[in-house]
Amino acid sequence: MRLDTHVVVRRPSFTLDLELTVEPGEVVALVGANGAGKTTFLHAVAGIVALDDGHVRLGDRVLADAAARVDLPAEERRCALVFQQHLLFPHLTAVENVAFGLRARGVPGRAARRHAVEWLDRFGVGEHAERPAARLSGGQAQRVALARSIVVEPDVLLLDEPFAALDERARPRVHALLREHVFDAERPVVLVTHDPADSRFLADRTVALSAGRSTGVGAP
Amino acid sequence: MTTQGSLGTREARTGAPGRARRRRRTPPALVVPAVAGVLFLVAPFAALVARAPWDRLAGLVASGPAITALWLSLRTATAATVLCVLLGVPLAWVLARTALRGRNLLRALVTMPLVMPPVVGGVALLSLLGRRGLLGARLDAWFGLTVPFTTAAVVVAEAFVALPFLVLSVDGTLRSADVRYEQAAAVLGASRWYVFRRVTLPMVAPSVAAGAVLCFARALGEFGATITFAGNFPGTTQTMPLAIYLAMERDPDVALALSLVLIAVSVAVLVGLRSRWLSALTGVVAP
């Protein structure tokens with residue numbers, strides 16, 4: 001599926017105006033200083049932030065189009081967004097967190113749980129399945145958050161600094177996990193990152209963002 | 001920055017380790033009124049306990065009318081609390097989570113029963129639900145339903161004055177709660193109703209519990225609206241506060257005995273309202 005966006009969001013302090021197309025299976029790294037609008041871009045694609053202008057199209061679906069007054073709610077967009085601060089539900093266990101999206105779509109409890117456990121195992125946190133999310137370490141929580149977003153088989157994957165909480169030794173392992181289990185030939189991926197190593201290992205292309213505008217496109 | 005701020009206050013509270021705490025003189029201009037304030041709150045209760053007819057307390061409390069009034073009070077206050085939770089939590093959600101126009105006006109309206117004398121609330125309820133009231137006349141004509149001067153009227157009166165406590169408590173917690181969890185749930189494909197049930201409600205549950213306890217306490221002590229809207233019939237509408245007021249005119253000893261019982265129930269409520277729930281009232285969601 002192809003992600004075709006022109007995101008315009010006006011804020012008092014800056015205007016985000018970014019045209020970005022991500023081909024099926026392509027991984028684009030979005031880099032730039034704090035406050036450049038990277039997170040706002042992801043949130044606009046996911047449906048948390050409304051567009052002031054432009055559009056978001058995914059395959060043949062229009063997720064948002066300011067001119068046509070189309071604005072699908074987040075729950076109908078089939079986008080996965082992994083937040084910078086993982087945002088696991090603190091009152092649920094790790095496995096309940098991962099099963100959440102499946103349960104919300106009406107998957108029966110037992111099947112949702114089995115699926116969730118598979119993904120926890122894949123990400124190496126299966127042994128913590130029954131632990132309350134509030135008691136996971138930063139790195140464990142981030143892997144659970146990745147599993148939670150992937151298990152619902154989203155059409156597009158939006159990653160917001162997903163490796164910030166991981167220590168240096170864990171990173172290559174999670175990079176490998178993403179390449180092996182998450183990145184495929186279909187799903188476009190947008191990866192916001194500070195770390196050049198992330199984009200070098202994972203991205204097909206890097207887009208630099210400064211004060212809400214693209215300043216350059218290139219190979220990672 | 002917020003983390004640093006909260007760390008700072010915690011250090012200030014516990015005192016830096018390894019350093020002797022500096023003694024500071026507390027200004028008498030503040031201490032004297034503070035002590036007077038405590039006495040003002042506590043002395044009447046001390047007097048009540050001292051004056052209570054302890055030798056015949058058991059007999060007075062166990063007498064039929066007292067038990068009847070207490071039982072009625074507990075039942076109606078519980079029903080009113082349930083009603084408040086069922087209406088108040090959704091109302092608080094609408095106030096805190098929708099872009100409804102006139103939300104601030106609505107919030108002000110909701111707090112009306114807090115600032116209005118309860119007797120006025122009773123008159124207002126009669127104007128609406130009384131036999132010749134706006135709605136009451138129709139209820140009577142169409143369904144043969146009469147609300148005033150029944151046990152149901154007691155519940156309505158109590159819920160009317162108690163509802164704002166729950167709404168304000170839950171609304172405050174919802175507004176200070178982190179909406180990003182709800183956004184994360186929505187991105188995962190959860191409908192707003194599913195998000196409310198599985199994310200919002202569990203996260204504000206302590207505040208709902210605290211609000212419910214406050215509701216119960218307020219309903220248990222309700223007097224003005226009840227006597228105006230529900231009357232004072234032993235067995236059906238005469239709750240503890242009404243029974244105490246009436247006993248005061250005939251036999252003050254009975255009034256003292258009943259008051260002790262009500263105090264005991266209130267203390268039990270306070271104990272039930274554990275510190276965790278009290279902190280929920282300040283609008284901070286436990287992580």
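Values in this text are rule-based calculations from the coordinates and carry no lab data. Everything numeric in this text was worked out from a predicted model, so none of it was measured. Virtual Cβ from ideal backbone geometry, glycine too; neighbours counted across all protein chains shown.
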Exercise. Across the Cα atoms of the protein assembly as shown, what radius of gyration and what greatest pairwise Cα-Cα distance (Dmax) are found, in Å?
Worked result: 30.0, 93
Exercise. Averaged over all directions, how much area does the convex hull of the C-alpha atoms of chain A cover when projected, in nm²?
Worked result: 11.8 nm²
Problem set entry | Backbone N under 19 Å from the B:ARG131 label point (7 Å along Cα→Cβ), restricted to segment B:140-173 | B:140-154
Seminar exercise, completed: Using the Kirkwood radius over Cα pairs of segment A:157-220, the Stokes-Einstein translational diffusion coefficient at 4 °C and 1.567 mPa s, in µm²/s and rounded to a whole number, is 102 µm²/s
Problem set entry | Two-site label geometry, B:SER191 and B:VAL35: point separation in nm, points 7 Å out along Cα→Cβ | 6.4 nm
For this session: Could you grab the relative contact order for chain B? Cα pairs under 8 Å, six or more apart, rounded to a whole percent.
Result: 27 percent
Exercise. Points 7 angstrom from Cα along the Cβ direction at B:VAL61 and B:ASN232: gap in nanometres?
Worked result: 2.4 nm
For this session: On a C-alpha basis, how far is the centre of segment A:106-178 from the centre of segment B:226-271 in Å? Whole number, if you could?
Result: 58 Å
For this session: Compute the FRET efficiency between A:ASP195 and B:LEU105 as 1/(1 + (r/R0)^6), taking r as their Cβ-Cβ distance and R0 = 51 Å, and round to the nearest 0.05.
Result: 0.55
Exercise. Given the C-alpha centroids of segment A:185-216 and segment B:154-221, what is the distance between them in whole angstrom?
Worked result: 41 Å
For this session: Send over the semi-axes of segment B:39-92's equivalent ellipsoid, whole angstrom and largest first, taken as the square roots of 5 times the C-alpha gyration tensor eigenvalues.
Result: 33, 20, 5
Problem set entry | From the C-alpha gyration tensor of chain B, square roots of 5λ in Å | 37, 32, 16
Exercise. For the residue pair B:VAL82 and A:SER214, what label-to-label distance in nm results when each label sits 7 Å from Cα along the Cα-to-beta-carbon direction?
Worked result: 6.1 nm
Exercise. Which FRET efficiency value, to the nearest 0.05, is calculated for A:GLU127 and B:ARG180 with the Förster distance at 30 angstrom and r the Cβ-Cβ distance?
Worked result: 0.60
Seminar exercise, completed: Per its Cα gyration tensor (rounded if a/c is under 1.5, else prolate when a/b beats b/c, else oblate), segment B:142-223 is best filed as oblate
